[in-house]
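Working notes, beginning with the structure itself.
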Amino acid sequence: MDKIVIAGGRPLKGKIKISGSKNAALPIMAATLLTEGRSELSNMPKLADIRTMGTLLENLGLKVNRWNGKAKIHSNGYRGHEAPYELVKTMRASVLVLGPLLARRGKARVSLPGGCAIGARPIDMHLKGLEAMGAKIKVEHGYVEASAKKGLKGARIHFDTVTVTGTENLMMAGALAKGTTVLENAAREPEIVDLAQMLNAAGANISGAGTSKITIEGVDKLQGVKYRIMADRIEGGTFLIAGCLPGSRLLIQEMDPQPLDALIDKLREVGAKIELVPEGIKVIAPKKLRPVDISTAPYPGFATDLQAQFMALMAVAEGSSVIRENIFENRFMHVGELIRMGAEIKIEGNSAIIRGVKALSGAPIMATDLRASACLVLAGLAAEGITEISRVYHIDRGYEKIEKKFRKLGARVKRVKVKY
């Protein structure tokens, strides 16, 4: 078991390259189940969830070779159709193999997904959509068992609420379905655009990705493809927030600013100087952090995956702010740990009321989920004294070598092994 130890209070200075997007890479890896031949994916992040998805694909019969940020995936002749609990219990994205398996193999048995304990994330809209496309589905003993012996057929599907993985799953299923599939009230995230671009490069016919209406004209087959994964906007946003810590000055490299517009607007309200340059995004911390209210919302709104990190910043702002979490009902688990560090935060329903303090103080704390882990790292960097974060396996699911990246920026942070 590892923990991260931080000696806080030192400004961050320098430049940092953002890794490939986990949330784009996982569905794109799942999409290779639809293809024939070999795909080569580049800009792949080195993360626990990526390894898990690679193992899952191998278990299904694909050949996966990974090296130096690349993955070659051979999909010819695979025969598997089951994603067992043992492989997917830690990763919600495992459900993304359901649509591709049904479309390509006509059957699937997929364990109900795991992942972070941040609230209910049901897959009922995935299942209703697949049923509308002709699949027969039953859920029992913790598994989704689905079949489409005559293949999937196009359908018009309206999502009751915006769902990212539901949009991705049904978009992939529609790629090989007979006829036209229309997804209404679809999620608009950049990662969905990235998936659609990969599928189109493989021979799919998808239009409207990035809007609330996506149209998929089914094709007979898809071929392997060479594709570069987009940069991780959540990692980029985390480092942008870190660049607002007192005295800091950073250049975030190879990061398209457009997916981070909502965050950049809020950080400018905080008082940060942010400049878009050819190399990426420059951020200079303000002399005084102003309090700013935020409300999380589906893209292009303020990302729920950046809410915890922003709270760490507001904990040391001069004044009071309110953060409203509108996506997940259990995403304030980091609050108790911030309070242990001296933060003044009160929870009222889906809102956190934060009264900024002059300084946080280092303390032994515990990560509870992926983005909470990043929040606690930022809090430790801002705090006086030593912060020790345990259960950091959460952070390895979404951040590649985070302690090394922060050390490059001048932070005093290290990972240590703990013996029990």
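Here, each number is a calculation from the coordinates, and none is a lab measurement. If you're wondering where the values come from, they're calculated on a predicted model, not measured in any experiment.
Worth pointing out:
- DSSP beta bridges in the chain [antiparallel fraction, %, rounded to 5]: 70
- Relative contact order of the chain, defined on C-alpha pairs under 8 angstrom at six or more residues apart (%): 21
- In this structure, the pairs whose alpha-carbon distance is over 24 Å, taken from Lys153/Lys221; Lys3/Lys72; Lys273/Lys414, are Lys3/Lys72; Lys273/Lys414.
- Global geometry of the stretch 3-42, whether rounded, prolate or oblate, following the gyration tensor of its Cα atoms and the 1.5 cut on a/c: prolate
- Working from Cα pairs under 8 Å separated by at least six residues, relative contact order for the stretch 22-228 is 21 percent.
- Surface/4 estimate of mean projected area, convex hull on alpha-carbon atoms of the chain, nm²: 18.8
- Both radii are taken from the alpha-carbon atoms of the stretch 22-228; with Rh as the Kirkwood radius, Rg/Rh is 0.92.
- For the stretch 122-131, 3J(HN,Hα) computed residue by residue from phi via the Karplus equation (6.51, -1.76, 1.60; θ = phi - 60°) reads x, 10, 4, 6, 4, 5, 4, x, 5, 5 Hz, glycine and proline entered as x.
- DSSP bridge analysis restricted to the stretch 22-228 gives an antiparallel fraction near 70%, rounded to the nearest 5.
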